[in-house]
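The values are calculated or read from the model by the stated rules, or taken from the named source; none is laboratory data. This is a predicted model, so every value here is computed, not measured. Every residue, glycine as well, gets a Cβ built from its backbone with ideal geometry; the counts of neighbours run over all protein chains shown. What goes into the accessible areas is simple: the full protein's heavy atoms, side chains included, and nothing from ligands, DNA or RNA. Shrake-Rupley method; radii C 1.70, N 1.55, O 1.52, S 1.80 Å.
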Amino acid sequence: MRSNKFKLIHEISEVIARTSDPMGGLNKVTKLLHEHLDGPETMLFAYNAQNGTISLVAAYGTWADQVGILSFNANEGLTGIAIRSGKILNIDDQNEYRSRTAIPGNQADTQAHKEMHGLCITPLELGGSIIGAIGLARRQKRKFSKSILDTLEEIAAPLAMFITNALLLKQNLEGANAFSLHRERPAKSVVDNKPLRGRPITRGVVCGHAILMSGVDDLLVIKRLPPPVNNTKEQIEAEKKRYLDSVEAARRNCQRTAREMAQTIPEGDCEIFEMHAMLLDDPSLKKTILKYIGEGHSLNMALAAALRTFSAQYQKIEDPYLRERLFDIKDVLLNIKNAADNLDGKVPETPQENEVFSDFRRNIVIAHDLLPSQLVGMPLKKVTGIVLEDGGATSHVAILARALQIPRIVGVPWIKELVHSGDSILLDADTGNCYVRPSVEIVRQFGAALKMYREQAERHNEQLELESLLPSQTRDGAQFTFAGNFALLSELPMMKHYGVTEIGLYRTEFMFMIRNVLPTEEEQFSVLKRLVTTAEGAPVNIRLLDAGGDKPLPYMNAWSDEDNPALGCRGLRFLLANPDIMMPHLRAILRATAFGNVNILLPMVADLFDFHAAKEALKKAEQQLLAENIPVFPYKLGVMLEIPALFRVLDILLPHIDFISIGTNDLVQFLFAVDRGNPNLTRWYRQCHPVVLRIIRDTCRIVAQYPGKYVSLCGELAGSKRALPLLIGAGIRRLSMTPSRIPVLKKQLSQYEVPWCESLLDQVLAKCGSEMETMKLLEEYDIKS
């Protein structure tokens, strides 16, 4: 086996613990079983004792397309024998048995299934009852080894619980039998006029029509094609027409996005979308897809099969540039799939609905999760809201949504199952409620809120502009610096509007994440030059590429085998391990120093070894530029305090740097060993915990001992009204945050005096042992978020 059973058990446990989509998690489990158990076809079955049926709930391989469709009687097939007897079935050739293979009936008569010989069915037991089974099948005529059987027994108990919970959740959402897994459209009565709950990330009250978005993972990974589903000429011709209609819709989307991106997101590569529009007409791609449709396969399966075909072809190409074209092909196939998923969207037709639903002119994106590259690849002028099954407050799509001022909620289970393209959606991102297909009455109830949000946006901006003129000081005159965190050049015109005096953090990773290939040195320099020039002399803190963890680059496989990406090859580690990426990046930043006031910020520094390695790379890049007669102007060098270990060596590090930036998002994650992107662990992500506040205070005290050095704080905590007096008391005088938060905090800042804030922090550190106790103490002083 590729790895021992303990690693498999660990990875399955991670899936169970982290997933907010249990049914999707089951498919991930089948993939893990395939990868760790020498590559068999893998299946998960659910058994309904009430009606005696067995259903396929997850699969990796031949039968992936039959998940939620395939169901048979427990008295049939070898799977039924294993489930009824409660004993493991392990045989060398399933085709020799009278009860006819793992899956009975017509499904077992296909050539692909007949080629499967070795079979193992392991029953899953929960509370003394059999609830399903794990199935493994392979082409070799031999039994599965004892080590594999032992591994299956080890994972059987947690998997039984996971399957049961997943099916119960589906039952609650669909109001149907827990084991009725056919993918029929849920009854409208289940969600119509009833709010689906999520977690608000970017606030606002908006409405629109649903547009469904899929990720590359939704293009099924298949090793062999399942049986065709279209058996008549009319069905095949209808599927071909659906494909051609989807291509035309995808073409219009690509062309629109290419036009808009140059204005909205200049960091993006609009030429990619122009190339995608041309790739849609690629003869070999079209021929391949139509071939599979002509054989009777659905469009989705034809796209998956085409991806498999082209992946195999491109893996044989040695030229890395040509191999990168595979990413464009994946994007084009995904564009076709998304277009097909949204072909049937309908807008309300009745006069009454047209009158009441007049605000529903834009789109609300519905997805499991989104990559930054997917978000910027949409026609953003038509997007008014986002609803996701997964995601978090500190994810980079969240940052982009805030930058683009798009209301967004996350953590809405099964939203893609419950919504269909074109459905009317009313999104109340203030409370985290999402109404699917709301009635005329409900839309009328929200009419005032929708109107207020539109008008409030204008009044709010005017009010913020007035508040931005307030002095940045406490009531007793302590001076503060409020800096803005920026991800996009399109945000920069708002600097003066919000009273931003400097760019406290420019996230360079976004110009890498929203492309299909690495940006060249010239492309990076073009963006950075524009950034620094637009700042008009204000300090610009450029953070080196912080890729990895929750920010993988979509065109690189550097992180595919990492068990724990948050602790893996990310930030400075990634750059030092990839000098071919690091050197052009450093050169582009250093060249930008000639056009303004640039500070360079190093992410994910763990100790002095990391720091000196980065400084040596900077020195090398600078020497290269000077040798080419390209000027490099003086700049300040700082490090992000994110890894707790760095806190212990600050006194040794400070003589070599100009400033410290405390990155609270990752610092909290590492202090409490909690994945900040996991919505199930939100209550363990404790930003106002006394431990965090003590580290911030002690850092300020250490830095104060070094004249000319300073400390700033960035992250979600920096923009918190509730945390502000504690940060003042800790000694923080520089805060970097989402620009729209600056006027709000300026107004609150003027209400405090430093000695009172210091006393408040002393009370928290002396009396509180948890974040909850900190919150209670702040409530006593009527300090609210």
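Key figures for this structure:
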item	result
List Lys337, Lys451, ordered by accessible area with a 1.4 Å probe, largest first	Lys451, Lys337
Cα-Cα over 24 Å, subset of Lys286/Lys337; Lys194/Lys337; Lys287/Lys337; Lys87/Lys143; Lys551/Lys776; Lys619/Lys709	Lys194/Lys337; Lys551/Lys776
Residue-span extension gain [Gln445 to Arg252] - 0.36 nm each, minus C-alpha spacing	65.9 nm
At R0 = 45 Å, FRET efficiency that the Cβ-Cβ distance of Ser490 and Arg84 yields, to 0.05	0.10
Amide H partners (placed H, <5 Å) of Asn363, local residues excluded	His209, Val383, Thr384
Sequence of Lys381, Lys551 when ordered by accessible area, the most exposed leading, probe 1.4 angstrom	Lys381, Lys551
Computed E for Lys615/Met278 - FRET, C-beta separation, R0 35 angstrom, nearest 0.05	0.20
Ranked packing of 472-480, 595-603, most packed first, by mean Cβ within 10 Å	595-603, 472-480
Length released on extending from Thr481 to Asp93, taking residue separation times 0.36 nm less the Cα-Cα span	132.4 nm
Point-to-point label distance, Asn73-Ala673, nm (Cα→Cβ direction, 7 Å offset)	5.2
Separation of the Tyr781 and Lys709 label points, Cα + 7 Å toward Cβ, nm	2.8
Packing-based order for 84-91, 625-632, using average beta carbon neighbours within 10 Å, highest first	84-91, 625-632
Cβ crowding within 10 Å averaged over residues, with 116-124, 695-703 ranked highest first	116-124, 695-703
Sites Lys382 and Glu237 - FRET efficiency at Förster radius 30 Å, r taken between beta-carbons, to 0.05	0.40
Mean-position separation - Cα centroids, the range 593-668 and the range 743-772, in angstrom	31
Accessible-area value, Met452, 1.4 Å probe, nucleic acids and ligands omitted, Å²	100
Accessible area in the full protein assembly, largest first, 1.4 Å probe, for His10, His585, His689	His10, His689, His585
